[in-house]
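Novice: I'd like to ask you about the structure that follows.
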Amino acid sequence: MLFFLACLAGCWGGERSVEMGPAETVEAFCKAVNACQWEEAENLCDSLSMKEYIESQKQAWARFEKEDEGAAKVARSVMESSTVTIKGMSKDEDKRIVTYTIETDGLSKTKKAILRKEEGAWRVETITEAD
């Protein structure tokens, strides 16, 4: 369950800024999700599907905390200590594709985020499993 939550949440990263590049945006998004900072995570997103993703994570987390508060505290600690390593970035027209690896509690998973620029800031459009 812990690895599942961490993989859904994603990563560890820095503060949000209008000047962040695609990789920093992915890191900030993942950090916000890991810290259950849902509004901050949503502000880093572009598409309706990502906002639905965040809402589903928020609801799942609330159920988990209600069912087992102790396990939720442990899970949050593990999630907050997860790391992200940017593996690469490519360009597809006006979008950027960031490939990164999430490592949590000795387990890792590689993901791919697609971002596009909106009003001068990079926004997460989708996150999928890496090919």
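Novice: Run through region 18-126 and list the chymotrypsin sites (Phe, Trp or Tyr not before Pro) located in a DSSP loop whose Cβ has at most 14 other Cβ atoms within 10 Å.
Specialist: The qualifying sites: there are none.
Novice: In Å and whole numbers, how far do the C-alpha atoms of region 20-131 stretch along each principal axis, longest first?
Specialist: 46, 29, 23
Novice: Measure nothing but the geometry: give the 0 to 90° angle between the long axis through the Cα atoms of 69-80 and the longest principal axis through the Cα atoms of the chain, rounded to 10°.
Specialist: Taking Cα atoms only, the helix is inclined about 30 degrees.
Novice: For the chain, find the longest principal axis of its Cα atoms and tell me its angle to the long axis of helix 48-67, 0 to 90°, nearest 10.
Specialist: Between helix and principal axis, roughly 10 degrees.
Novice: Test of understanding: given the chain, find the longest segment containing no GluC sites (Glu not before Pro) that are in a DSSP loop and have at most 13 other Cβ atoms within 10 Å.
Specialist: 20-92
Novice: What's the tally of Lys pairs in the chain whose alpha-carbon atoms lie under 14 angstrom apart, where the two lysines are 8 or more places apart or on different chains?
Specialist: Lysine pairs, 8 or more places apart or on different chains, close enough: 8.
Novice: Excluding W38 itself, calculate the net charge of residues whose Cβ lies under 12 Å from the Cβ of W38, where each Lys or Arg counts +1 and each Asp or Glu counts -1.
Specialist: Local charge sum for W38: -2.
Novice: If you roll a 1.4 angstrom probe over the protein chains with everything in place, what fraction of the accessible area of the chain belongs to carbon and sulfur, to the nearest %?
Specialist: The value for the chain is 47 percent carbon and sulfur by accessible area.
The values are calculated or read from the model by the stated rules, or taken from the named source; none is laboratory data. Being a predicted model, the structure only gives us computed values, none of them experimental. Virtual Cβ from ideal backbone geometry, glycine too; neighbours counted across all protein chains shown. For the accessible areas, the whole protein counts, side chains as well, though only heavy atoms, and no ligand, DNA or RNA atoms are used. Shrake-Rupley method; radii C 1.70, N 1.55, O 1.52, S 1.80 Å.
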